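The values are calculated or read from the model by the stated rules, or taken from the named source; none is laboratory data. None of the values given here were measured: they were computed from a predicted structure. Note that we place each Cβ from the backbone using ideal geometry, even for glycine, and neighbour counts take in every protein chain shown.
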Amino acid sequence: MSRGNPYQEIEHGGPGRIGWRIHYFHELDSTQSAARDLVADGAAQGTVVVAERQTAGRGRMGRQWHSPAGVNLYATIILRPAIPLAEVSRLSLVAGVAAAEALSREAPGLVTLKWPNDIWIRGRKAGGIIAEAITGSHDDLVAVLVGIGLNINLAAADIPEELRGRATSLSIELGRLCDRIAIADSLFSFLDYRYMEVVSNGFGGIRPIWELFSALTGRSVGVVEAGRRVSGTVRGIDDDGALLLDTGSQTIRILAGDVTIEGAYES
C-alpha cells in the first residue's frame, strides 16, 4: 500500500461500513485482484481498494477497462452479504444506483444507467460496474467484490480512438475538473445506504430509483442472451433486477445479456 493516501480523509465509521478503511495504491494490475487478496486475509465488509492506475483493469465479461493514471476513480468494495449466489448480480444494480446518485450531485439530470451495469453521461459511457462472487470450498458465498470505474477527469484527447464518440467523462461533459475525493466520499456514502436498504428490505425497495435513472425504459433494443438475439421494447426491470423486454407477443425476463440500442453504440 502506498504512503500519502489522499482518501484517508474520507474514511469513516467502523468495520462493516463502506469506506471505513480505504487501501490506496498508485498502480495495481486491478483493484479486484488486490481486494481478492484482502478477502483471503479476512478483511471486513466495507473495506475499499482504490488505485490511481490499473494495468489490467477489466469490466464486465472480462473486457479491458481503459485505466490512465491520476484522473479517474477505480475502486473495489468488499461486501460480505448473507445472500444466495444467484442474487450477487443484483449488487451491481445497487452500486449503479449509488454511482448515479453520486455523479448526479455534480451533473444533475445528465446521468443515466444502461442495464445491467453501465453508467452514462449524456448518452455516452462514463463508468462501469462488476460484481464478482468469492466462494468457499463448498461453493458458499464468502464475499462479493464490487468493482466500480468512473471516468472523472479523463480528457477527450486521452480517450482511445476506438472509443471516441462512445465514451466520455464527468469533466468533459461539465467543462471543468472535478474533485475525485469528494465524489468517492459521496459514492461510498450512497452505496452504504443503498446496500443496507437492500439487505434489510430486498432489491424491490430501490428498483424504482434505478428506474428513474434508466436509459433503456421505453426504447427499442436488441439483446444477445445465451447465444440468441431477441428484440423488443424495454419495459423496465423487475424486483429481481431482470430486464423486462416486450417482444410484441410477450414480455420476457432477461437475466443477463448484451444490450444494443438503436442509434447508440454496442458496449
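The table that follows gives values for the structure above.
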| quantity | calculated |
| --- | --- |
| Matching residues, the stretch 131-158, being of a type in the set (D, E) and in contact (Cβ under 8 Å) with a residue 12 or more places away in the chain | E132, D139, D158 |
| Top-ranked residue of the stretch 208-221 - restricted to ones that are free of Cβ contacts under 8 Å to residues at least 40 places away in the same chain and in contact with a strand residue (DSSP E or B) (Cβ under 6 Å, 6 or more places away or on another chain), ranked as surrounded by the fewest Cβ atoms within 10 Å (Cβ to Cβ) | E211 |
| Residue, farthest from R124 (Cα to Cα), within the stretch 150-201, restricted to residues that are buried (at least 18 other Cβ atoms within 10 Å of the Cβ) and polar (S, T, N, Q) | S189 |
| Within the stretch 38-90, considering residues that are polar (S, T, N, Q) and at pLDDT 90 or above, the one nearest to P116 (Cα to Cα) | S89 |
| Lone unmet requirement of (1) of a type outside the set (K, R); (2) at pLDDT 95 or above; (3) over 17 Å from the mean Cα position of the chain (by Cα); (4) assigned to a helix (DSSP H, G or I) for V234 | (4) |
